[in-house]
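S.K.: Handing you this structure, nothing more for now.
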Amino acid sequence: MSPVTHVVKRSGRLVEFDPRRITNAVFKAALGLQGDDMERAEEVSARVTDKVNATFGEDNPPTVEDIQDIVVATLREMDHGRTADAYQRYREEHARQREEKESAIVVEDTIPYKILWQVYTWNVEHGCHSVEALNEHVRRGTLPDLIEAAEELYHGDIDRLAQKITGRRDEVRIVIIAGPSSSGKTTTTIKLSEALRRQGIELIAIGLDDYFKDLESHPKDEFGDYDFENPEALDLDLINRHLLALMRGESIQMPKYNFKTGKREAETHEFHLGPGQMLLIDSLHGLYGPMTDSVPAPMKFKFYIEALCQIRDTKGEFVRWADLRMLRRMVRDSWHRSYSPEKTVGHWHYVRRSEMRHIVPYIGKADHVINGSLAYELCVHSRRMGPLMDGIVKAYEDQPKRYDAVVRATRVRDLLRWVEPIRDEGIIPRNSLMREYIGGSIYTY
C-alpha cells in the first residue's frame, strides 16, 4: 500500500499530509502540562504516522478525525495518559468553537464573505490568486501592471469609503479606523483625510499611541516582553475625558509618548476641533467599546481594515492574513523602531492574543470594511525577509516555551521560499500603502 499523501479536511477538501502537524499538536498538549520534550512528541508523531500508513493509503486518505483518534490511542498505548486527556480536551474545545461559529455565521460573516469573494475574484481576473500565478508576473515582467491595478483598487475603495462618510456629514463628528496590527491603518487614515478634503470635509487626526501608560506600569512576562497590544495599556479614562471635551467644543492638552524612553513626555500641546471639522481616530482598538464610550453612537463612523490576502500557497492553502501582517511589521520594525525581525516574531503571540480578544469580536460593529492587502506584496516580503527566515527559525527552535514563534517562523519561511522576489522596489509608487512598511513614502509616519 502506498504511503498516505493527503488528508480529508472537514470541508471535504484534500490537503497535504504533514506529520509535523501531529508533532505540533502533541507538543502543545504536553506543554499545557508543563512538558517540553520535543523528542518525545516526535516519537509519538512517528508512531502515529506508521499507524496511519498501515491503515490508510494514497487511494484511501484518512480524515482529520481518523488521525486524531489514532493520536489519542497512541498516547495511551505509550503511557502518556495525561497528555492524551489534554489533547482530547483541546480537540473537544475546538469542535465546540466550530459549532458556535457555524451557528453565528449568517449574522457575523455574511458581509466579510462577500468581500472575500470579491477580493478572490479580482485576484483570479488579474492572475494573482496563487503564489505560482504571482511568480508568473515576476517572470514575465508584468509585475508593474499588477502593482498599478492593485493600487487603483485600494484607492478606489478609499474613495467609496469617503462617500459613505460624506453622506452622514450632518451627524458624524468622529471617524474611527480600526484593525489589527500592520493592516494599513496609518496610511489609510492619511489617504482618507485626503479623499474627504476633496469632498469639503476637514479631518483632524488624533494619534492614540500618545495615550499609552508609562512603560513602568506595564506587566512583563517571563521573557521581559511588554503587552502593548492590550487596550488597557492605553489610558482609557483620559481618552474618554478628552473625546467628550472635544465634542463639547473644548480644548484639550494632548500628551506625547516617547517609545524610546517608554514614558509620556512632560510637554503637551493644545488640541481642539473647529466648526465643520471631524476627528479621526486611528487605533488598533477603535471598535473596543470602552475606548469611546463617552461619545454618542450617531456621532461616530467606524470602519475596519484587514489585510484580506486571498492568495493560495503551493499547498493550496490561503496565505494567513496574520502572517502577511507579521511580515509587514518585521520589515517596518527593523528600520523604523530598531526592533529586529526575530524579536517581532517572538512578540507576535501578544499581537494575535489581543486581536482575538479585543478586535475580532467587534468587527460586526463597523460601518464599513476595507481591504488593506496588496496583491503583489508577497514578492516584496520575499526579497526583504526571505533570506532571514532560516536564522529566525533556528533562533527559537531550541526554546520550547517559544514554540509558537517556531511554528509561525517555519510557516512563513516555507511560504516565502516559493515566492519570486520583486526585482526593483522602485516600481512601487511612493504614495503606496506598502511604503508604510518598506520606507520611501511621500508621507511622514
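The numbers here are math on the coordinates, done by the rules we state, and not lab data. For clarity, every value in this text was computed on a predicted model and none was experimentally measured. Neighbour counts run over all protein chains shown; Cβ positions are idealised from the backbone, glycine included.
S.K.: Give the shape of the stretch 262-364 as rounded, prolate or oblate, defined through the alpha-carbon gyration tensor: a ≥ b ≥ c are the square roots of its eigenvalues, a/c under 1.5 means rounded, and otherwise the shape is prolate if a/b is larger than b/c and oblate if not. Intermediate results must be reported in sequence, preceding the final value.
M.R.: Details: a/c = 2.34, a/b = 1.45, b/c = 1.62.
The shape class here is oblate.
S.K.: Something else: Among Gly141, Ala30, Leu243, flag the residue with its Cα farthest along the positive direction of the charge dipole of the chain, charges on Cβ as +1 for Lys/Arg and -1 for Asp/Glu.
M.R.: The Cα lying farthest towards the positive end belongs to Leu243.
S.K.: How about Lys315: which lysines have a C-alpha closer than 26 Å to its C-alpha, ignoring those fewer than 8 places off in the same chain?
M.R.: Candidates past the 8-residue exclusion: Lys9, Lys28, Lys51, Lys101, Lys114, Lys394.
S.K.: Between Glu202 and residues 5 or more places away or on another chain, which pairs have amide H atoms under 5 Å apart, with H built 1.01 Å from N, and which residues are they?
M.R.: Distant-sequence amide H within range of Glu202: Met278.
S.K.: OK, next. Is the shape of the stretch 6-102 rounded, prolate or oblate, going by the alpha carbon gyration tensor and its root eigenvalues a ≥ b ≥ c, with a/c under 1.5 for rounded and a/b larger than b/c for prolate? If you can, show how the numbers build up before the last one.
M.R.: Details: a/c = 1.98, a/b = 1.16, b/c = 1.70.
It is oblate, given that a/c is not under 1.5 and a/b is not larger than b/c.
S.K.: Now, a different point. Taking amide H positions as placed 1.01 Å from N in the peptide plane, with prolines and chain starts having none, which residues 5 or more places from Thr63, or on another chain, fall under 5 Å of its amide H?
M.R.: HN-HN under 5 Å from Thr63: Val8.
S.K.: From the residues Ala366, Ala395, Ala266, which one has its Cα farthest along the dipole of the chain in the positive direction, the dipole being from +1 and -1 charges on Cβ of Lys/Arg and Asp/Glu about the Cα centre?
M.R.: Ala266
S.K.: A follow-up question, please. Amide H neighbours of Val175 under 5 Å, at least 5 residues apart or on other chains, H built in the peptide plane: list them.
M.R.: Distant-sequence amide H within range of Val175: Leu279, Leu280, Ile281, Phe301.
S.K.: Would you order Met38, Met389, Met330 from fewest to most other beta-carbon atoms within 10 Å of each residue's own beta-carbon? Kindly include the intermediate steps, with their values, before the conclusion.
M.R.: On the way: Met38 19, Met389 24, Met330 27.
Listing Met38, Met389, Met330 from fewest to most nearby Cβ atoms yields Met38, Met389, Met330.
S.K.: If the cut-off is 12 Å between C-alpha atoms, which aspartates and glutamates fall inside it for Lys213, apart from same-chain ones fewer than 8 positions away?
M.R.: Of all the aspartates and glutamates, those that pass the test against Lys213 - Cα under 12 Å, at least 8 places apart if same chain - are Asp227, Glu232, Asp235, Asp237, Glu265.
S.K.: In addition: Let me know the shape class of the chain, please: from the alpha-carbon gyration tensor, a ≥ b ≥ c as square roots of the eigenvalues, rounded when a/c is under 1.5, otherwise prolate if a/b is greater than b/c, or oblate.
M.R.: On the way: a/c = 1.89, a/b = 1.56, b/c = 1.21.
Verdict is prolate for the chain.
S.K.: Give me the dipole magnitude in Debye, nearest 20, for the chain about the Cα centre, with unit charges on the beta carbon: positive for Lys and Arg, negative for Asp and Glu. Walk me through the numbers before you get to the answer.
M.R.: Numbers: 63 positive and 72 negative charges, 147 e Å.
Using Cβ point charges on Lys, Arg, Asp and Glu, the chain gives about 700 debye.
S.K.: For a quick protection proxy, order the peptides 46-56, 160-170 by their average other-Cβ count within 10 Å, most packed first. Don't jump to the answer; show the numbers that get you there.
M.R.: Details: 46-56: 17.2, 160-170: 14.7.
Ranked from most to least packed, the peptides come out as 46-56, 160-170.
S.K.: Continuing with this model, one more query. Helix by helix, which DSSP H runs in the chain go 15 Å or more along their axis at the Cα atoms and have an average Kyte-Doolittle hydropathy of 0.0 or more?
M.R.: On the way: long enough: 19-31 (18 Å, 0.15); 38-55 (25 Å, -0.71); 64-77 (20 Å, 0.32); 81-108 (40 Å, -1.62); 110-125 (23 Å, -0.04); 143-166 (35 Å, -0.25); 185-198 (20 Å, -0.71); 236-247 (16 Å, 1.04); 321-336 (22 Å, -0.84); 341-358 (25 Å, -1.63); 403-416 (20 Å, 0.09).
Qualifying helices: 19-31, 64-77, 236-247, 403-416.
S.K.: Can I ask one more? Could you work out the helix-only [θ] at 222 nm for the chain, with each DSSP H run of four or more residues adding -39,500 (n - 2.57) and the total divided by the number of residues, to the nearest 500 deg cm²/dmol?
M.R.: Numbers: 15 runs with 217 residues, N = 445.
The per-residue figure over the chain is -16000 deg cm²/dmol.
S.K.: Determine the dipole magnitude for the stretch 6-102: charges of +1 sit on the beta-carbon of Lys and Arg, -1 on that of Asp and Glu, nothing else is charged, the reference point is the Cα centre, and the result goes in debye to the nearest 20.
M.R.: Its charge dipole is roughly 280 debye.
S.K.: Assuming R0 = 41 Å, what is the FRET efficiency of Asp36 and Glu425, from their Cβ-Cβ distance, to the nearest 0.05?
M.R.: Details: r = 41 Å, r/R0 = 1.01.
With R0 = 41 Å, the Cβ-Cβ based efficiency is 0.50.
S.K.: For a protection proxy built on the mean count of beta-carbon atoms within 10 angstrom, sort 404-417, 67-80 highest first, please.
M.R.: Working: 404-417: 20.1, 67-80: 17.6.
So the order, starting with the most tightly packed, is 404-417, 67-80.
S.K.: Is there a quick way to get the dipole size of the stretch 266-337? I mean about its Cα centre, with the Cβ of Lys and Arg at +1 and of Asp and Glu at -1; what is the value in debye to the nearest 20? If you can, show how the numbers build up before the last one.
M.R.: Details: 10 positive and 9 negative charges, 74 e Å.
That gives a dipole near 360 debye.
S.K.: Looking at Gly167, Tyr87, Thr55, which one has the Cα that reaches farthest to the positive end of the dipole of the chain (charges on Cβ: Lys, Arg +1; Asp, Glu -1)?
M.R.: Farthest towards the positive pole: Gly167.
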